[in-house]
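**Q** Have a look at this one.
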Amino acid sequence: MAEDKKVEKKKAAVTKLDKAKKAYDPKEATICEATRQMLEKSQRDGVETAYDRAFDMKACPIGADSACCKHCSMGPCRLNAKDPYGKVGVCGATIDTFQARNFARMVAAGAAAHTDHGMSMLDVFREVVKGEIKDYKIKDPVKLESVAQSIGIETEDRTVGEIAMDLYEELERTYTQVEGEIPFMKRVPEKTLETWRKLGIVPRGSMREIMEMMHRTHMGVDQHYENIARQFSRTALSDGWGGSMVATEISDILFGTPTPVQADVNMGCLKEDMVNIIVHGHEPNLFETMLVSVNDPALVESAKEAGAKGINLCGMCCSGAEMLSRHGIPHAGNFMSTEPILITGAVDAMAVDVQCIKQGLASVAKCYGSYLFTTNPRCHIEGAEHIEFVEHDPKACTDEVVVKAIARFKNRTAKVEIPNIKNAGIHGFSHEYIEYMLGGTFRASYWPLNDNIINGRIRGIAGVVGCTNPRVKHDWVHVEMVKELIKNDVLVLQTGCSQISLAKAGLLTPDAAYMAGDGLAEVCETVGMPPVLGLGSCVDNSRILIAASAVVKAGGLGESIADLPAAGAAPEWMSEKAISIGQYFVASGVYTIFGVTFPVTDQTKFKNLLFQGMEDQGLGKWDFAVDPYEMAHKMIAHIDKKRSALGIDKARERVLMSMDDRRTLE
Ligand code: NFS
């Protein structure tokens with residue numbers, strides 16, 4: 001009885017607190033006008049989103065500094081970040097062991113997500129090649145050949161089926177191999193690979209690396225932060241040059257290699273008078289089949305019978321970014337817009353697969369009578385209906401989603417309010433297309449890019465990628481940082497949610513060249529390209545690695561990726577996948593800066609290893625800043641440092657272009 005009273009009292013306190021609490025200001029939470037409108041509506045409707053929860057819940061300061069350990073039940077142990085060496089855990093573990101183990105497990109989880117996604121794609125590929133799956137086929141045999149050749153598979157006088165089977169078997173080693181180097185190591189510049197061999201971080205197979213990482217971070221195993229770091233570099237490399245790269249390459253072979261396509265982004269892509277279906281997640285197969293279902297004449301007819309003008313399909317997050325790149329399918333918004341879009345009341349069904357799916361979607365969907373369907377056996381959500389997507393009969397799932405969406409359209413009760421905002425842009429810059437765009441059909445090459453970097457019209461290259469995060473103003477950090485970079489003649493390559501932030505800000509159009517510095521603007525105008533190139537989803541960061549290798553190979557900019565005037569950033573990151581990506585960029589030789597927060601304690605040996613020691617070993621290095629302009633200028637300073645090491649810093653001083661210069665551009 002006394003217990004009951006206590007609970008009642010506590011409940012009352014919570015309610016009182018809820019009533020008294022001040023809400024956050026949507027204008028301060030996002031620069032995305034559509035998201036802002038929907039957040040204001042959510043406040044009017046009394047519907048809670050991640051923005052409310054981030055406002056209510058302060059991040060745990062001990063966890064934020066990575067100064068806690070819960071790897072055994074003698075703890076959880078907490079150290080004092082203000083006095084990091086003043087105390088150790090019950091087992092004697094130091095702050096450096098704590099941080100290295102925590103960081104390593106983030107890398108392992110992120111790498112597992114990407115590599116498991118890649119493995120799913122490889123499963124589909126195998127079944128297609130064996131003729132067991134008939135709904136997909138090899139759409140890009142040219143890419144099949146070039147990927148096969150890149151890892152030493154004979155292609156001459158052989159059938160597509162023969163090459164494909166060999167490629168499958170070879171790429172399976174990316175996961176299952178226990179000794180030796182994974183196949184895509186053949187794509188790594190020789191000098192970069194030499195550094196990895198010297199450090200003992202060349203990945204064997206991702207399953208082995210992830211397993212060993214989990215073992216070594218178990219209580220009482222690896223307790224030297226430098227040794228742990230070697231294994232997390234190796235694990236991350238098995239993601240970037242392994243699992244993620246397989247995901248990208250196999251998706252291109254099965255569904256087509258992207259070429260530039262104009263497409264719209266933002267919530268204005270929803271249509272009030274149509275059945276709206278959103279696909280949100282990461283594996284392109286669900287989305288590809290959904291595209292078939294929404295075009296099925298019988299289903300379209302049934303939508304019309306329900307009073308709709310037709311069926312409207314939009315993407316969100318990363319599989320959305322892939323469909324945007326491959327087919328020009330409209331994209332409705334990035335990670336921090338997935339709850340707000342449901343607040344429009346216009347979403348008849350949202351089908352999700354894996355990764356970055358907030359559990360909170362289920363309750364928001366319920367508030368507006370929208371369907372939320374999980375489809376992947378790896379991801380069920382309490383409160384969401386599960387319709388399993390089976391690759392051997394994929395249309396069964398997507399047809400059912402469409403049928404239910406039509407029923408919801410017919411019985412819509414929620415008031416529909418769609419922000420009337422759409423932004424056009426050019427997406428779909430694969431590595432292959434960039435090479436072609438710069439060099440032309442007969443001499444496809446990265447040399448024109450290198451030449452423009454050497455002569456200083458382009459100061460350097462930045463990869464700006466990653467999530468959005470309610471701890472910072474949504475989209476703002478991405479947009480301001482990228483604007484600052486292009487203003488300073490840095491060509492920006494983008495993937496994932498970051499690409500959508502910039503597309504919404506209108507920077508993925510050739511017209512945006514006016515925002516670039518004179519040198520970069522000249523190149524963009526001559527080639528007809530935007531100053532910001534969208535390469536696709538997060539696994540497509542592997543395209544950036546391939547492009548970096550091609551730049552090294554084209555010559556004149558050093559011998560390894562670490563020599564390039566290049567930098568990477570994830571200004572609004574939130575996921576463990578982002579940490580894995582950051583680490584494989586760093587291990588590949590790239591200076592990489594993150595925003596929001598960084599999971600380390602200041603003044604520790606581990607932080608020093610990440611922020612300086614790795615560079616001393618011939619790799620790249622980590623950095624951190626919250627302010628977008630500071631981030632951009634730190635990247636530029638690094639690019640300039642590399643330019644001066646290459647002896648091309650003088651070239652920038654005479655960047656003014658003569659008529660002759662312009663002719664060489666063409
Ligand atoms: Ni990348 Fe894609 Fe977006 Fe972040 Fe999530 S969708 S894999 S993790 S939030 S960029």
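Read-outs throughout are calculated quantities, based only on the coordinates presented, and are distinct from any laboratory measurement. Just so you know, these numbers come straight off a predicted model, no measurement behind them. Positions of Cβ are generated from backbone atoms using ideal geometry, with glycine treated the same way; all protein chains shown enter the neighbour counts.
**Q** In which sequence would W622, W573 go, from the one with the fewest C-beta neighbours within 10 Å to the one with the most?
**A** Lowest count first: W622, W573.
**Q** Among Y436, I418, L449, whose Cα projects farthest towards the positive end of the dipole of the range 407-455, with charges put on the beta-carbon of Lys, Arg (+1) and Asp, Glu (-1)?
**A** I418
**Q** OK, next. Taking the Cα centre of the chain as origin, sum charge times position over the Cβ atoms of Lys and Arg (+1) and Asp and Glu (-1), and report the length of that vector in debye to the nearest 20.
**A** Around 2260 debye, computed over the chain.
**Q** Further question on the same structure: Using only the Cα atoms of the range 252-411, build the gyration tensor, take square roots of its eigenvalues as a ≥ b ≥ c, and label the shape rounded, prolate or oblate: rounded if a/c is under 1.5, else prolate if a/b is larger than b/c, else oblate. Display every interim value, and only then the final one.
**A** Details: a/c = 1.20, a/b = 1.10, b/c = 1.09.
It is rounded, given that a/c, with a ≥ b ≥ c, falls under 1.5.
**Q** Counting alpha carbon pairs within less than 8 Å and at least 6 residues apart, what relative contact order, in whole percent, applies to the chain?
**A** This gives 16 percent for the chain.
**Q** Ranked highest first by the average count of other Cβ atoms within 10 Å around their residues, in what order do 320-329, 590-599 fall?
**A** Numbers: 320-329: 26.1, 590-599: 22.8.
With the highest mean Cβ count within 10 Å placed first, the list reads 320-329, 590-599.
**Q** Below 14 angstrom from the Cβ of G75, what's the summed charge of the other residues (Lys, Arg +1; Asp, Glu -1)?
**A** Values: positive: K70, R78, K87, R101; negative: none.
Neighbour charge sum, excluding G75 itself: +4.
**Q** Continuing with the same structure: Round to the nearest 0.05 the FRET efficiency obtained for K70 and A396 when R0 = 60 Å and r is the Cβ-Cβ distance. Could the numbers behind the result be given before it?
**A** On the way: r = 42 Å, r/R0 = 0.70.
Computed FRET efficiency for K70 and A396: 0.90.
**Q** Let me ask something additional. How high is the relative contact order of the range 429-646? Use alpha-carbon pairs under 8 Å, at least six apart in sequence, and give a whole percent. Before the final figure, lay out each step's value.
**A** Working: 425 pairs, mean separation 49.5, N = 218.
Worked out over the range 429-646, it gives 23 percent.
**Q** Hey, another quick one. Between the range 444-496 and the range 314-351, what is the C-alpha centre distance in whole Å?
**A** After rounding, the separation between the Cα centres reads 24 Å.
**Q** Add +1 for every Lys or Arg and -1 for every Asp or Glu among the other residues with Cβ under 15 Å from the Cβ of I381, and state the total.
**A** -2
**Q** Within the set K358/K605; K191/K607; K577/K607; K191/K487, which residue pairs have Cα atoms separated by over 29 Å?
**A** Correct reply: K358/K605; K191/K487.
**Q** Ranked highest first by average number of other Cβ atoms within 10 Å, how do 51-63, 398-410 line up?
**A** The packing order, highest mean first, is 398-410, 51-63.
**Q** Can you list the residues of the range 333-353 with backbone N under 18 Å from a point 7 Å past the Cα of R53, pointing along Cα to Cβ?
**A** In the range 333-353, the label zone of R53 (backbone N under 18 Å from the point 7 Å along Cα→Cβ) covers 334-343, 352-353.
**Q** How do I343, I486 rank when sorted from fewest to most other Cβ atoms within 10 Å of their own Cβ? Mind dumping the intermediate values first?
**A** Numbers: I343 28, I486 25.
Fewest-to-most Cβ neighbours within 10 Å comes out as I486, I343.
**Q** With no solvent and one equal point scatterer per Cα, compute the Debye intensity ratio I(q)/I(0) for the range 95-255 at 0.10, 0.12, 0.17, 0.18 Å⁻¹ and report its log10, rounded to two decimals.
**A** -0.40, -0.55, -0.94, -1.02
**Q** Pull out a ≥ b ≥ c, the square roots of the eigenvalues of the alpha-carbon gyration tensor of the range 429-646, then state rounded if a/c is under 1.5, prolate if not and a/b is larger than b/c, and oblate in the remaining case.
**A** Note, shape of the range 429-646 comes out oblate.
**Q** Show that you can apply the helix-only estimate: for the chain, add -39,500 (n - 2.57) for every DSSP H stretch of four or more residues, divide by all residues, and state [θ] at 222 nm to the nearest 500.
**A** That calculation yields -15000 deg cm²/dmol at 222 nm.
**Q** May I ask which of K473/K650; K27/K634; K143/K198 have a Cα-Cα span longer than 30 Å here?
**A** Values: K473/K650 38 Å; K27/K634 28 Å; K143/K198 33 Å.
Check vs 30 Å cut-off fails for K473/K650; K143/K198.
**Q** If contacts are Cα pairs under 8 angstrom and at least 6 residues apart, what is the relative contact order of the range 261-410 in percent?
**A** 29 percent.
**Q** A further question follows. Provide the packing ranking of 195-202, 331-338, i.e. peptides ordered by the mean count of other C-beta atoms within 10 Å per residue, highest first.
**A** Ranking, from highest mean packing down: 331-338, 195-202.
**Q** Also: Under the rule a/c < 1.5 gives rounded, and otherwise a/b versus b/c splits prolate from oblate, where does the chain land using the Cα gyration tensor?
**A** Cα axes put the chain in the rounded bin.
**Q** Moving to a separate point now. For S319, what is the net charge nearby, where nearby means another residue's Cβ is under 10 Å from its Cβ and Lys, Arg count +1, Asp, Glu -1?
**A** That sum, taken over residues with Cβ under 10 Å, equals -4.
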